[in-house]
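Take a look at the structure below.
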Amino acid sequence: MRDYDGTEYSEVESSHDFAAVPDSFQRLWTPHRLAYIETGQQPETEACPFCIAPTLSDEKALIVARGVHAYVLLNLYPYNSGHLLICPYRHVATYDEATVEEVAEIGSLTQTAMRVLTEVSHAHGYNIGMNQGRIAGAGIAEHLHQHVVPRWALDSNFFPIIAGTKAVPRLLGEVRDDIAAGWPK
Ligand SMILES: [Zn+2]
């Protein structure tokens, strides 16, 4: 399967298969895919998950904040705990198609996301960016989204390289609750 960025990822769920890796990792994708599955459509096919998400409850869609022109949600396939996506409500593919208002709000939501993640999860740094077009790695190329990926000093290890998977030690629902609670009202 592929994530939002088109990166192949393994569906390996059990850490028992990995030598010398403790069993404490929790990476439970399946329950959170319910947000998409319950709509009766799959994100890989015709339905656009970034158009569907705002029609669901914040908890179901893993939305942490809603603005006027854009909203913020947790990536279902995070590179790190707290990996956020900032999307315009409008179904536009590329940054140059966004209106001045959308660009401004995507920018301000990105700033707020950084501040909240620094406050809530004490991130040491960030990767921020947009993949424009499938050739550039956008998994959902038809709906613009900005990645905000918090980074910690020791967050990269052998695990993604050896196991073809990534340990994300917290459940997405818990992370959403924390970020949403920290978001300025
Ligand atoms: Zn869309």
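The values are calculated or read from the model by the stated rules, or taken from the named source; none is laboratory data. Just so it is clear, the structure is predicted and the values come from calculations on it, not from any experiment. Virtual Cβ from ideal backbone geometry, glycine too; neighbours counted across all protein chains shown. The area values use the complete protein model at the heavy-atom level, side chains included, leaving out ligands, DNA and RNA. Shrake-Rupley method; radii C 1.70, N 1.55, O 1.52, S 1.80 Å.
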Counted residues, the stretch 123-140 - those being within 14 Å of the chain's Cα centre (by Cα) and outside any strand (DSSP E or B): 5
Quickly run through the stretch 60-111 and pick out the residues that are more than 13 Å from the ligand (Cβ to nearest atom), in contact with a Gly (Cβ under 9 Å, 6 or more places away or on another chain) and open to solvent by 20 Å² or more (accessible area, probe 1.4 Å). Glu105, Ser108
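Mind checking whether some residue in the stretch 141-163 is at positive phi, modelled with pLDDT under 85 and open to solvent by 20 Å² or more (accessible area, probe 1.4 Å)? Walk me through how you get there before you give the answer.
So in the stretch 141-163, the residues at positive phi come out as none.
Among the residues of the stretch 141-163, not one is at positive phi, modelled with pLDDT under 85 and open to solvent by 20 Å² or more (accessible area, probe 1.4 Å), which makes the answer no.
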Where the second residue is of a type in the set (Val, Ile, Thr) and within 12 Å of the ligand (Cβ to nearest atom) and the first is under 22 Å from Met114 (Cα atoms) and lies in the stretch 85-99, which pairs have Cβ atoms under 8 Å and are six or more apart or on separate chains? Ala98/Val92
Pairs with Cβ under 8 Å, 6+ apart, first in the stretch 47-58 and within 15 Å of Leu85 (Cβ to Cβ) and of a type outside the set (Asp, Glu), second open to solvent by 10 Å² or more (accessible area, probe 1.4 Å) and near the ligand (Cβ under 8 Å from one of its atoms): Cys48/His91; Cys48/Ile140; Cys48/Glu142; Pro49/Ile140; Phe50/His91; Phe50/Ile140; Cys51/His91
